[in-house]
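Remarks on the structure that follows.
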Amino acid sequence: MPARIKTWSLITLSLALFLSLWAAAALWVNDNTLPSPLDVWQSLRVEWRSGELLMHLSYTLLRVLAAFLVAMTIGSAIGIWLGMKPLADRLIDPWLILLLNIPALVIIVLSYIWFGLNEAAAIGAVALNKIPNVVVTLREGARSLSPDYAELAQVYRFGFLKRLRHVVLPQLQPFFAAATRSGIALIWKIVLIVELLGRSNGVGFQIHLYFQLFDVATILAYTLSFVMVMLLVEYLLLQPLDKHANRWRAVRV
């Protein structure tokens, strides 16, 4: 059996087991606080047919994408710089520790107070929560760069861009992958809080709305629909890109 088919078979089996346990628990509880998978599916169909689900998913995905790009671009640049400049690292490290320990809720609330209830404040608050994590991850990667490759690049007189592309970035790829996976998982959760507190659309806003109506089935419908989108991103985009980026490691000299 091809590896790809085997992988998808295991994923399907795992999801079927999860749904079976969920259905059994819902049957045992027999209460609206734990709707069955069928109830959630029916709520999802209603929201999809009305167009509400697609619209709010789109808003949340755009915010996740924007915050992710900002956090990865700024965080990666700062992290690599700190990893290669010990003096700057010692100077900036207390700032990182401070930002890592400020609760996400505080940053979100302050962003809305200082900059208003707008998209820039929302995306900026999410990105600011993620940037320190990216910096720390890429800093560790930059610290582990092989000096042998650096000497080789110097011997062949690589320019800055050529050295960055062929020497630095391939070694940092596992750290980029780690920052990407943890980043997406963290960012979309923070985006929901941002939407709940200060936006008039998005999955977080809908969850807050149906929380007030005590409609657990629709809350789960929105939550699981977004989780499924993230699973598709992981299996159809991130993992294939990771394998493609790591193909050079399989080469034997």
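The values are calculated or read from the model by the stated rules, or taken from the named source; none is laboratory data. Predicted, not measured: the structure shown is a model, and the values here were computed from it. Virtual Cβ from ideal backbone geometry, glycine too; neighbours counted across all protein chains shown. With ligands, DNA and RNA removed, areas are computed over all heavy atoms of the protein, side chains included. Shrake-Rupley method; radii C 1.70, N 1.55, O 1.52, S 1.80 Å.
Here are some notes:
- Shape analysis of region 36-244 yields a ratio of the Cα radius of gyration to the Kirkwood radius, Rg/Rh, of 1.07.
- Centroid-to-centroid separation of region 59-82 and region 4-51 [C-alpha atoms, Å]: 33
- Here the gap between residue 113 and residue 22, fully extended at 0.36 nm per residue and compared with their Cα-Cα distance, gives a gain of 28.7 nm.
- By accessible area, using a 1.4 Å probe on protein heavy atoms only, region 36-244 has 71% of its surface on carbon and sulfur.
- Within-15-Å neighbourhood charge of residue 108 [Cβ basis; K, R +1; D, E -1]: +2
- A 1.4 Å probe run over region 36-244, with the rest of the protein chains in place, finds 56 Å² accessible per residue.
- Gain upon complete extension [residue 84, residue 11; 0.36 nm per residue less C-alpha separation]: 22.2 nm
- Approximate spin-label separation residue 38-residue 201, in nm, with each point projected 7 Å along Cα-to-Cβ: 3.5
- Cα convex hull of region 88-143, projected area averaged across orientations, nm²: 4.2
- Qualifying chymotrypsin sites (Phe, Trp or Tyr not before Pro) in region 172-217, where qualification requires a DSSP coil assignment and no more than 12 other C-beta atoms within 10 Å, comprise 214.
- Count Lys and Arg as plus one, Asp and Glu as minus one, and take only other residues whose Cβ is under 11 Å from that of residue 81; the net charge is then +1.
- Each peptide in 108-116, 75-83, 13-21 was scored by the mean count of other Cβ atoms within 10 Å over its residues; highest first, the order is 75-83, 108-116, 13-21.
- Local electrostatic count, residue 55, Cβ distance below 14 Å [Lys/Arg +1, Asp/Glu -1]: 0
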